[in-house]
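Here's the structure, in structure tokens; my notes come after.
Where a number appears in this text, it was derived from the coordinates with a stated rule and is not lab data. All figures in this text were calculated on a predicted structure; none of them were measured in a lab. Cβ coordinates were reconstructed from backbone atoms using ideal geometry, including for glycine residues, and neighbour counts include every protein chain displayed.
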Amino acid sequence: MESHDPTPSDTEILSATPAAIKRAAQALCNGELVAFPTETVYGLGADATSAEAVARLYAAKGRPRFNPLISHLADPDAVHELAETDERAELLAETLWPGALTLVLPRRPGGAVCDLACAGLDSIAIRMPAHPVARALIAAAGRPIVAPSANRSGSVSATAVSHVMDDLGGLIRFIVAGGRPEAGIESTIIDLTGQHARLLRPGGIPRADIERLIGPLNGGDDTPVAPRSPGRLASHYAPRARMRLNAAAPDEGEAYLAFGPELRSSDSICNLSEKGDLVQAAANLYAMLRALDETGAEAIAVAPIPAEGLGEAINDRLARAAAPRPER
Ligand code: TXA
Ligand code: MG
């Protein structure tokens, strides 16, 4: 196959050597799709400046067109070329980047990111990832890289090379391998386009870390999540099996996602964290949902998860995984 062929039939897994990163960056610049590790989940990268590359990415994910993407940067100063920042944005970026924080900011007219990546909005979502492989790849590409989670739209996010391969094998050029993501759950998304900073998606950085810096989110209103960000479908992150939340124990025939010391992992039970640690639970969430789904059980029952810290993001994902689904 020609290296510039944008519709590969083979997906190559690369270990993250400098030569491989150069190859993968070249593929991105040619408009091809490359999955890579971040500290949150694996991302499916495309050149943010190329509408054709972004269209290819939507097609590979099977993603509804209206869902805007996050532009990933290797250099925090590059944010100024793409977006207008204010004091809140500067403080958050300075303190929490690189890391699991995405800022939605007013888009700077004439910025390099294509309209399709922003779904035609006058705002743009930007994040600087911490994972060294992600940063090396984006730096080598020398341009912003859009990267949704590297799974088919609506299904469970990918936290391992095998997950990416299962969902996208044959549809993308490369997967750059980088072990298990540390956080295991997507970035926290904060909308700074209005007077009140709003939490659009709870994620890898707990709300309290952000409120400590810029004050209460959502104007002090404690609704857990602000009105849905465009493309945040009610059903998302969904395994094949039906989901039953806040279940003290599994019913007969159910697989069980446990939390805390009561139940050990076995064939049909995965324990997010026996010691009740929410950080460990977030890191295990998607891999365990996939593993329980693979048991073939008709339903996955899930233990109650405390709401504090990363529990907010975990409960958000579980609620979406359990929501009524559109035909898939
Ligand atoms: O951790 C992450 O953020 C991962 C890794 C790969 O970086 N990426 C990720 O991307 O989760 P994705 O596409 O799965 O989720 C992006 C979210 C969507 O819910 C989308 O609606 C929101 O960001 N978003 C993007 N642009 C937006 C905008 N201009 N306004 C509001 N929400 C926006
Ligand atoms: Mg996603």
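Scanning segment 95-108 for any residue that is of a type in the set (S, T, N, Q), within 15 Å of ligand 2 (Cβ to nearest atom) and either within 14 Å of Val146 (Cβ to Cβ) or in a helix (DSSP H, G or I) (or both) turns up at least one such residue.
Give the number of residues within segment 142-158 that are part of a loop (DSSP other than H, G, I, E, B) and within 12 Å of ligand 2 (Cβ to nearest atom). Break it down into steps so the answer makes sense when it comes.
Initial filter on segment 142-158 (part of a loop (DSSP other than H, G, I, E, B)): 142-144, 147-148, 150-158.
Now narrow it down to the ones that are within 12 Å of ligand 2 (Cβ to nearest atom): 147-148, 150-158.
Counting residues in segment 142-158 that are part of a loop (DSSP other than H, G, I, E, B) and within 12 Å of ligand 2 (Cβ to nearest atom) gives 11.
If you go through segment 120-143 and pick out every residue that is charged (D, E, K, R) and touching a Lys or Arg at 6+ places or on another chain (Cβ under 9 Å), you end up with 1.
Going through (1) over 28 Å from Gln280 (Cβ atoms); (2) crowded, with 24+ Cβ neighbours inside 10 Å one by one, Ala78 falls short only on (2).
For segment 128-162, the tally of residues that are under 21 Å from Arg325 (Cα atoms), more than 10 Å from ligand 1 (Cβ to nearest atom) and surrounded by fewer than 24 Cβ atoms within 10 Å (Cβ to Cβ) stands at 2. Determine which single condition Val113 fails, assuming it passes every other condition in (1) in contact with a Leu (Cβ under 7 Å, 6 or more places away or on another chain); (2) β-branched (Val, Ile, Thr); (3) not in a loop (DSSP other than H, G, I, E, B). With respect to (1) in contact with a Leu (Cβ under 7 Å, 6 or more places away or on another chain); (2) β-branched (Val, Ile, Thr); (3) not in a loop (DSSP other than H, G, I, E, B), Val113 is out only on (3). Tell me whether segment 287-306 contains one or more residues that are in contact with a helix residue (DSSP H, G or I) (Cβ under 8 Å, 6 or more places away or on another chain) and either of a type in the set (Phe, Trp, Tyr) or free of Cβ contacts under 8 Å to residues at least 24 places away in the same chain (or both). No: zero hits.
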